[in-house]
């Protein structure tokens, strides 16, 4: 069943990675998974690392490994601002494993409760999510 489309833009610090109309957005906020359809109530949410799915149609889904960021839904459109948005087929499993190991080491070395430890924990969550996406899970 076709749904009403609405504009979605995905931006990273490097620039725009997606700008098109979709039927649905599926992502994860700090409070849990969320699906956005056309005419969604206004929303501002913090995003956690996950697989971002943009349902262009029933048969076409555009996916990204999504880093931390923000989602804004207003005036019939969605704006997704994230640290990373990488197509799953572009993920390098060896690189992700190395980055995850570095984040785990940084976390272990950091002083309990420090900003350094908080940042290392954030990086660890990102690379764990990207690893799941890269392995198809």
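Bear in mind these aren't lab numbers, they're just calculated from the coordinates by the rules spelled out. Please read these numbers as outputs of a predicted model, since none were measured by experiment. Note that we place each Cβ from the backbone using ideal geometry, even for glycine, and neighbour counts take in every protein chain shown.
For the chain, a Gaussian network of Cα nodes joined below 10 Å ranks 20, 123, 84 by mean-square fluctuation, and the top entry is 20. Fewest-first ordering of 50, 12 by other beta carbons within 10 Å of each residue's beta carbon gives 12, 50. Stokes-Einstein, applied to the Kirkwood radius of the stretch 37-137 over Cα pairs at a viscosity of 1.002 mPa s and 20 °C, places its translational diffusion at 143 µm² s⁻¹.
The long axis of helix 115-134 is offset from the longest Cα principal axis of the chain by roughly 60 degrees.
For helix 93-109, what angle does its Cα long axis make with the longest principal axis of the chain, in degrees from 0 to 90 and rounded to 10? Rounded to the nearest ten degrees, it is 50.
DSSP bridge analysis restricted to the chain gives an antiparallel fraction near 90%, rounded to the nearest 5. Return the distance in nm (one decimal) between the two label points of a simple spin-label model at residue 87 and residue 21, each offset 7 Å from Cα along Cα→Cβ. Between residue 87 and residue 21, the simple spin-label model gives 2.3 nm.
Among beta bridges from DSSP that stay inside the stretch 6-86, the antiparallel ones total about 90%. With springs connecting C-alpha atoms under 10 Å apart, model the chain as a Gaussian network and identify which of 76, 113, 32 has the largest mean-square fluctuation. Checking each option, the largest mean-square fluctuation is seen for 113. Largest mean-square fluctuation among 100, 71, 44, in a Gaussian network model of the chain whose springs join Cα atoms under 10 Å apart, belongs to 44.
Take every Cα pair under 8 Å whose residues are at least 6 apart in sequence, average their separation, divide by the length of the chain, and the relative contact order is 21 percent.
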